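**Student:** First, the structure itself, so that you have it in front of you.
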Amino acid sequence: MSDDNPFPAERTAVITGAASPRGIGRATAERLARDGWSIAIIDLDGEAAKRTAAEIGSDRSVASLGVAADIADPDSVEAAIAQVEATDRSLPIIGLANVAGVSSPVDFLDLTLAEWDRVFDINMRGAFLVTRRVVPAMLAAGVGRIVSVSSVSAQRGGGTYSKVPYSASKAALIGFTRALARELGPHGITVNSVAPGPIDTDIMGGTLTQGRKAELGADSMIGRVGTVAEVVTLMAFLLGQDAGYITAATYDINGGLQVS
């Protein structure tokens, strides 16, 4: 980040997949709003996105917007981001959190092409489309922060809940992060990813029981599953002003389940 393009005090972050009540996306939006970001929640469930944005913005002095979008559809992404940009042009899109994702516990020999495409459409194609659409605003500002949610499954080859298509799509996100960081670094834009281990959300087949939490956390050095708050603390730092010299990195947050 150069002195000519300081981190703007008034700025917008786009968070995908942030309408789930117990998800990393919503918690990220809440944390960023607390840190002074205006937030734009992009979710397939438009009504939930609007409701979530209203709830987050109701007790904070920041702008909040919820927009419906199928992030695997370029026209839908275009319409959603155009709406964000039109809402308040004085609040440029400086941050992007690619959080939207779907799981897949299907065994490899039972995989259909439709299931493979479903997972990659959201986990990788969606991240590509949203990132491609918001980068021009960051280029214009001369500064930007992009953080994508990968997974320990990408590093270990599964072993938690989801299997081959999920692990492959999350591994693709890591390669996407590194290559994009190389291109955008000279423009003051950092690109990083986080690789959580098992987290207490609903993506692994629903709300985790105490028994399931114990099972998933047993192999980690910490001996438990992680919380969304722990992941979001890391993401908020990487999206913030002080992370300007960190790029192309993948941060493990897995309690020692995987040592990179």
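The values are calculated or read from the model by the stated rules, or taken from the named source; none is laboratory data. Here the structure is a predicted model, which is why all the values come from computation and not from measurement. Virtual Cβ from ideal backbone geometry, glycine too; neighbours counted across all protein chains shown.
**Student:** Do any strands (runs of 3 or more DSSP E) entirely within the range 1-119 hold 1 or more residues that are of a type in the set (Lys, Arg) and surrounded by fewer than 23 Cβ atoms within 10 Å (Cβ to Cβ), and if so, which?
**Tutor:** none
**Student:** If you go through the range 69-85, how many residues are more than 17 Å from Ser38 (Cα to Cα) and either out of contact with any strand residue (DSSP E or B) (no Cβ under 7 Å at 6 or more places or on another chain) or among the aromatic types (Phe, Trp, Tyr) (or both)? It would help to see each step written out before you state the result.
**Tutor:** Quick first cut of the range 69-85, residues more than 17 Å from Ser38 (Cα to Cα) only: 69-79.
Cutting the leftovers down to either out of contact with any strand residue (DSSP E or B) (no Cβ under 7 Å at 6 or more places or on another chain) or among the aromatic types (Phe, Trp, Tyr) (or both) gives us 70, 72-79.
The number of residues fulfilling the criteria is 9.
**Student:** Here is a further query. What residue, among those in the range 159-170 that are part of a loop (DSSP other than H, G, I, E, B) and buried (at least 21 other Cβ atoms within 10 Å of the Cβ), is modelled with the lowest pLDDT? Reasoning before the result, please.
**Tutor:** Looking only at the range 159-170, we keep the residues that are part of a loop (DSSP other than H, G, I, E, B), and these are 159-163.
With buried (at least 21 other Cβ atoms within 10 Å of the Cβ) added as a condition, the list becomes 160, 162-163.
Values: Thr160: 73, Ser162: 77, Lys163: 90.
Taking the candidates together, the pick is Thr160.
**Student:** Here's a follow-up. Give me the residue from the range 239-260 that is more than 18 Å from Gly144 (Cα to Cα) and among the aliphatic types (A, V, I, L, M) and, out of that set, nearest to the chain's Cα centre (by Cα).
**Tutor:** Going through the range 239-260, the residues more than 18 Å from Gly144 (Cα to Cα) turn out to be 251-260.
Adding the requirement that they be among the aliphatic types (A, V, I, L, M) leaves 253, 257, 259.
Details: Ile253: 14, Leu257: 21, Val259: 22 Å.
Among them, the one singled out is Ile253.
**Student:** Is it the case that some residue within the range 2-9 is more than 24 Å from Thr190 (Cα to Cα) and either among the aliphatic types (A, V, I, L, M) or free of Cβ contacts under 8 Å to residues at least 12 places away in the same chain (or both)? So that I can check it myself, show each step before the final result.
**Tutor:** Going through the range 2-9, the residues more than 24 Å from Thr190 (Cα to Cα) turn out to be none.
Checked the range 2-9: no residue is more than 24 Å from Thr190 (Cα to Cα) and either among the aliphatic types (A, V, I, L, M) or free of Cβ contacts under 8 Å to residues at least 12 places away in the same chain (or both).
**Student:** Counting only residues that are out of contact with any helix residue (DSSP H, G or I) (no Cβ under 8 Å at 6 or more places or on another chain) and in a strand (DSSP E or B), how many does the range 227-260 have?
**Tutor:** Number satisfying all stated conditions: 0.
**Student:** If Ala86 meets every condition in (1) aliphatic (A, V, I, L, M); (2) closer than 21 Å to Arg133 by Cα; (3) in contact (Cβ under 8 Å) with a residue 24 or more places away in the chain apart from one, which number is that one?
**Tutor:** (3)
**Student:** Restricting to the range 38-63, count the residues that are in contact with a strand residue (DSSP E or B) (Cβ under 6 Å, 6 or more places away or on another chain) and either more than 29 Å from Val119 (Cβ to Cβ) or aliphatic (A, V, I, L, M) (or both). Write out each step before concluding.
**Tutor:** Start the filter on the range 38-63 by keeping residues that are in contact with a strand residue (DSSP E or B) (Cβ under 6 Å, 6 or more places away or on another chain), which leaves 38-42, 46, 49-50, 52-53, 56-57, 62-63.
If we keep only those that are either more than 29 Å from Val119 (Cβ to Cβ) or aliphatic (A, V, I, L, M) (or both) too, we end up with 38-42, 49, 53, 56-57, 62-63.
Matching residues across the range 38-63 total 11.
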